[in-house]
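Input: a single structure, listed below in C-alpha cells.
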Amino acid sequence: MPQNNAAPDAPTNGHHSTLADRLRRGVLPLPAPRPLNPALLKDAERRAENVQNRIADRITTFSGSMAFVYVHVIWFGCWIGLGVEKYPFGLLTMIVSLEAIFLSTFVMISQNRADAKRQVLADEQWKTVQEEDKQNQELLDLSKQILDLTKEVHAHYGSTPGPASPSSTSSDGPK
C-alpha cells in the first residue's frame, strides 16, 4: 500500500501554507479581482494611473476590512487599559472624530468610484443597444425585401399553370 508523505496541513498544489499566510488571508483584505468587462478593465487601468486614486483605493480597501476593526479594538483597548489618559478620553475622542471625518471622505470617494463604474457599464450597454437596434433595422429591411421578392415570385408563377399551381393541390393532397 503506497504511503502518503504529505504533511496533514500541506495543500495539494505544492505550496505550504504558513501560519502567517493563513493569518494574512483571514485578517487582511483580499485584493479585488480584475474586472472581466473590457470597459471596466480600461476604466481600472485609467484609474490606477493616478497616484491619488491608488492611495484612496488602498485606504478604502483597508478601512473596509476586518483588519481595520481588529486594529481599532486593540488600539482602544490599549489606550483605555494602559491609562494613556483619564476618562472622558478627550484626546482619543478628538482622534476618533478626525478619523471619522477622513473615513467618511474615503467612503464618498469609493461611492463616486462605484458610480463611475456603473456609468461606464451603462455607456457600454447603451452602445450595445444602439448597435443591436441598427442590426434589427437591417434585418427588418432584409425581411421586407425577401417578402417583396416572394410576392413577386408568387405573382409570376401563380398566374401560370403548373404542377405547383394552387388549383391542382390542396392542403389534404391532390384533388
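For the stretch 37-156, lysine pairs with C-alpha atoms less than 27 angstrom apart, excluding pairs fewer than eight positions apart on the same chain, total 8. The distance from the alpha carbon centre of the stretch 129-146 to that of the stretch 56-122 is 54 Å, rounded to a whole number.
Potential lengthening of the chain between R46 and Q135 amounts to 28.9 nm, from the contour at 0.36 nm per residue minus the alpha-carbon distance. Between A39 and S143, the simple spin-label model (points 7 angstrom out along Cα→Cβ) gives 2.7 nm.
Here the mean projected area of the convex hull built on the C-alpha positions of the stretch 37-156 is 11.8 nm².
Its Cα centre serving as origin, the stretch 51-168 has a Cβ charge dipole (Lys and Arg +1, Asp and Glu -1) of approximately 540 debye. Peptides 104-115, 76-87 ranked from most to least packed give 104-115, 76-87, packing being the mean of other C-beta atoms within 10 angstrom over each peptide's residues.
Read-outs: derived from the displayed coordinates by stated rules, not from any lab. This one's a predicted model, so the numbers in the text were calculated from it and none came from an experiment. No Cβ is skipped: glycine too gets one built from the backbone with ideal geometry, and neighbour counts run over all protein chains shown.
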